[in-house]
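Just so you know, all these numbers are worked out from the coordinates, no wet-lab data involved. Please read all numbers here as calculations on a predicted model, not as lab measurements. Positions of Cβ are generated from backbone atoms using ideal geometry, with glycine treated the same way; all protein chains shown enter the neighbour counts.
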Amino acid sequence: MVSLQPNPLKLKNNSFLDHLEDHAQDVESILNEILPPPITRLHEAMRYSVLAGGKRLRSYLVSASSHLFDVPSREALQVGAALELIHAYSLVHDDLPCMDNAETRRGKPSCHIAFGEATATLVGDALIPLAFQTLASLKVDSEIRLELTKELAQAIGSFGLVAGQMMDLNQEGRRDTVEALLEQQRLKTGVLFAFATEAGAILGKTSPEIRKALQSYGLFFGEAFQMMDDWLDGHGDEESIGKPCDQDASKLTFLNLCGARLLQEKAKNAVEKAIETLSPFQEKACLLKAAAEYVLYRQK
Ligand code: GRG
């Protein structure tokens, strides 16, 4: 199991990608425990969607942020697993024909292609309560459980993820400005990353100022991540990304609005801002720093 000890030298020797892969194995073993066995078709489809790969970046950020406060790694992994369940739900629902209508996800047929639309809808419906059940089962102080539950609910609700999705669907009267797109992507992408890094601060019972700084890190990280996601859609390799490219050619994206050069400049700027928020932690923040830098060179 990856230890996430304060050891920047270890991170220099083993690349960030090795570290992320170790983390993926750790969080997947927790997800494997949390998900019901594949006895029914619904449970089979839930496992298919959650365990079908994925970089596990959101849960990585929970662990990397928790590491700043020496939170036990299992607690962080459980919160990370809850977040991966929510992320998987959002992907399954986003792929549905009534939403983004995508036939592949993570290099495999999307859930509704493999199991049908009705089952895919129910998979998403079932993953949300499973995520909250996971938070409620954490062996931590009740105030921490409550705070994590409240923050996650807020992040994914009608003023968070769902609002971002609604803006994405509602193309009528849309404003084609960078500011409007930043707001939409903050809700669709940023809030989950912000929850991830804030969760470490909540588990670590740190000050409101530090909590706010880590939340800002997550939002800047999400901004850069989404910009580079748009870039990969136009320039990436389909096999690495696990879905067809150029799907967003007619959509409002950072690539369409800014062009490749300005987009890369803006993404670099957001990464720099994310790294600036880490100044109180010095070397101990090396994992979060490496994660932010990775956003600019990721291939999938
Ligand atoms: C359906 C309520 C609802 C929300 C959907 C998150 C979302 C909103 C839609 C997913 C599609 C999309 C383009 C989201 C933007 C964030 C994003 C790039 C997700 C993919 O994240 P990765 O690359 O995925 O971390 P993996 O597969 O690595 O887990």
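Once every Cα of region 136-207 carries one equal point scatterer and solvent is ignored, give the base-10 log of I(q)/I(0) from the Debye formula at q = 0.22 Å⁻¹, two decimals. Listed by q, the Debye log ratios stand at -0.90. Dividing the helix sum by the residues of the chain, where each DSSP H run of 4 or more adds -39500 (n - 2.57), gives a mean residue ellipticity at 222 nm of -21500 deg cm²/dmol. Of the two radii for region 74-119, the radius of gyration is 1.10 times the Kirkwood radius, both from the alpha carbons; that is the Rg over Rh value.
Between SER137 and GLN299, the contour length at 0.36 nm per residue exceeds the alpha carbon distance by 54.8 nm. Between LEU42 and LYS251, the contour length at 0.36 nm per residue exceeds the Cα-Cα span by 72.0 nm. Report Rg/Rh for region 23-75, rounded to two decimals, where Rg is the Cα radius of gyration and Rh the Kirkwood radius. With Rg and the Kirkwood Rh in hand, the quotient comes to 1.07.
Quote the FRET efficiency, to the nearest 0.05, computed for LEU169 versus ASP18 with a Förster distance R0 of 25 Å and r equal to the Cβ-Cβ distance. Efficiency for this residue pair is about 0.05. Working note: Karplus 6.51/-1.76/1.60 with θ = phi - 60° gives region 65-81 the couplings 6, 4, 4, 4, 10, 6, 6, x, 5, 5, 4, 5, 5, 5, 5, x, 5 Hz, where Gly and Pro are set to x.
Computed about the Cα centre, the dipole magnitude for the chain is approximately 480 debye when only Lys and Arg (+1) and Asp and Glu (-1) carry charge, each at its Cβ. Computed over Cα pairs, the Kirkwood radius of the chain leads via Stokes-Einstein (1.002 mPa s, 20 °C) to a diffusion coefficient of 111 µm² per second.
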